[in-house]
Protein chains: 2
Amino acid sequence: MHANSSSVVNVDHEFRAHADHHASLRLWLRLLSCTTRVEDKIRQKLRESFDITLPRFDLMAQLERDPDGLSMGELSRRMMVTGGNITTIVDQLEKEKLVMRQVGLNDRRSFTVKLTPAGRVAFTDMAIAHEEWVAELFSGLSNNQQSQLYSLLGAMKKNLQKQEETS
Amino acid sequence: MHANSSSVVNVDHEFRAHADHHASLRLWLRLLSCTTRVEDKIRQKLRESFDITLPRFDLMAQLERDPDGLSMGELSRRMMVTGGNITTIVDQLEKEKLVMRQVGLNDRRSFTVKLTPAGRVAFTDMAIAHEEWVAELFSGLSNNQQSQLYSLLGAMKKNLQKQEETS
């Protein structure tokens with residue numbers, strides 16, 4: 001009988017573990033779905049309103065935060081895409097005079113990428129529109145719900161960082 | 001004085017709108033960051049453990065849910081990537097005998113893509129590991145926090161769907 005109840009407990013634990021796993025998986029699929037929908041909507045609006053791709057907008061957003069410019073390696077790290085793609089995007093934006101390459105003072109083989117003044121003006125317009133679209137896309141949640149969501153995602157992000165540090 | 005207080009109210013509203021916009025933007029950037037981190041981790045683990053890319057895993061996951069197979073158009077719609085990429089992935093998986101093309105009974109020009117029995121076995125192993133990784137990645141949140149997050153994202157998703165229907 002002891003053996004029996006112990007086995008029941010084990011089955012329960014196992015069942016619970018599976019149920020928890022399933023719940024996490026459902027949560028992940030919903031998180032992914034929400035993110036993808038928002039991203040697709042932003043991608044579509046950037047194309048319609050400014051005829052620009054999302055990766056190009058993202059790259060300009062990274063440069064806007066660093067007026068001194070960023071190296072290709074740093075840009076690549078921040079955008080989490082491959083170096084090859086970054087080079088293509090920078091080439092296109094340079095052709096349109098929205099970004100410029102600046103050769104390093106100490107090392108002439110290195111260079112940084114910066115927004116041009118025209119690129120900065122163009123980005124500001126897009127950033128204002130982008131912020132309005134995002135507010136609209138999240139408008140189904142009350143301020144209170146948004147701040148709950150922000151705080152739960154904060155706890156999650158902190159844990160992901162911890163896992164990365166210890167792995 | 002009336003004019004003055006009205007102007008103060010307007011400024012307050014405007015400030016509030018900006019503050020709300022900023023809060024939504026911060027929320028979106030955090031949502032995007034969490035999703036990207038989880039996705040990168042899963043991508044890395046799929047490569048290390050099963051030598052498979054995330055798009056290939058996703059495509060097999062779509063097929064696993066439909067034992068009768070899916071048309072290329074339907075696959076493309078579900079994976080939200082371009083038709084060209086889907087064809088490349090299907091070609092690779094077919095070469096490895098994990099999926100097969102089946103010509104339509106009524107229309108011989110049309111075909112559906114299905115998992116092969118070997119593909120189904122291979123996918124089951126990956127899906128079990130995938131579910132464990134996801135549970136681990138979300139383990140920083142308690143069950144209660146996960147269910148709060150699930151429900152907030154549910155409200156958000158519902159609103160995004162409503163916006164898509166009315167736009």
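The values are calculated or read from the model by the stated rules, or taken from the named source; none is laboratory data. All values derive from a computational prediction rather than experimental measurement. Because the Cβ atoms are built from the backbone with ideal geometry, glycine has one as well, and the counts that use them run over all protein chains shown. Just the protein is used for accessible areas: all its heavy atoms, side chains included, with ligands, DNA and RNA removed. Shrake-Rupley method; radii C 1.70, N 1.55, O 1.52, S 1.80 Å.
Some notes on this structure:
- For A:125-133, mean number of other protein chain Cβ atoms within 10 Å: 2
- For A:ASP66, residues with placed amide H under 5 Å, excluding near neighbours: none
- Given R0 = 30 Å, the distance between the Cβ atoms of A:THR36 and A:GLU96 translates into a calculated FRET efficiency of 0.60.
- Evaluating 6.51 cos²θ - 1.76 cosθ + 1.60 at θ = phi - 60° for every residue in the stretch B:99-107, the Karplus couplings come out as 10, 9, 8, 10, 5, x, 5, 8, 10 Hz, glycine and proline recorded as x.
- Average other protein chain Cβ within 10 Å of Cβ, residues B:158-166: 3
- Listed residues B:PHE111, B:PHE123, B:PHE57, most fluctuating in chain B (Gaussian network, C-alpha, under 10 Å): B:PHE111
- Each other copy places its own label point for B:ALA155 at 1.6 nm from this one, sorted shortest first, where the point lies 7 Å along the Cα-to-beta carbon line.
- Taking amide hydrogens as placed 1.01 Å from N in the peptide plane, the amide H of A:SER71 sits under 5 Å from those of A:VAL113, each at least 5 positions away in sequence or on another chain.
- Solvent-accessible area per residue for chain A (1.4 angstrom probe, square angstrom): 60 Å²
- Other copies of A:GLU74: label-to-label distances in nm, shortest first, labels 7 Å along the beta-carbon direction: 5.0
- Calculated FRET value between A:VAL121 and B:ARG108, using beta carbons and R₀ = 56 Å, to 0.05: 0.50
- Chain B Cβ-axis minimum, rotational copy A, residue and distance in Å: B:THR35, 2
- Magnitude of the charge dipole, chain B, Cβ model with Lys/Arg +1 and Asp/Glu -1, debye to 20: 200 debye
- Exam field: A:GLU131 pseudo-label spacings to other copies (7 Å along Cα-Cβ), nanometres: 4.4
- Links that overshoot a 18 Å alpha carbon limit, given the list A:LYS45/B:LYS41; B:LYS41/B:LYS157; A:LYS162/B:LYS41: A:LYS45/B:LYS41; B:LYS41/B:LYS157
- Of the residues B:ASP20, B:ASP68, B:ASP51, the one that moves most in a GNM of chain B with alpha-carbon contacts below 10 Å is B:ASP20.
- Phi-derived couplings, Karplus 6.51 cos²θ - 1.76 cosθ + 1.60 at θ = phi - 60°, listed residue by residue for the stretch B:62-73: 5, 5, 4, 6, 10, x, 7, x, 10, 6, 4, x Hz, with x used for Gly and Pro.
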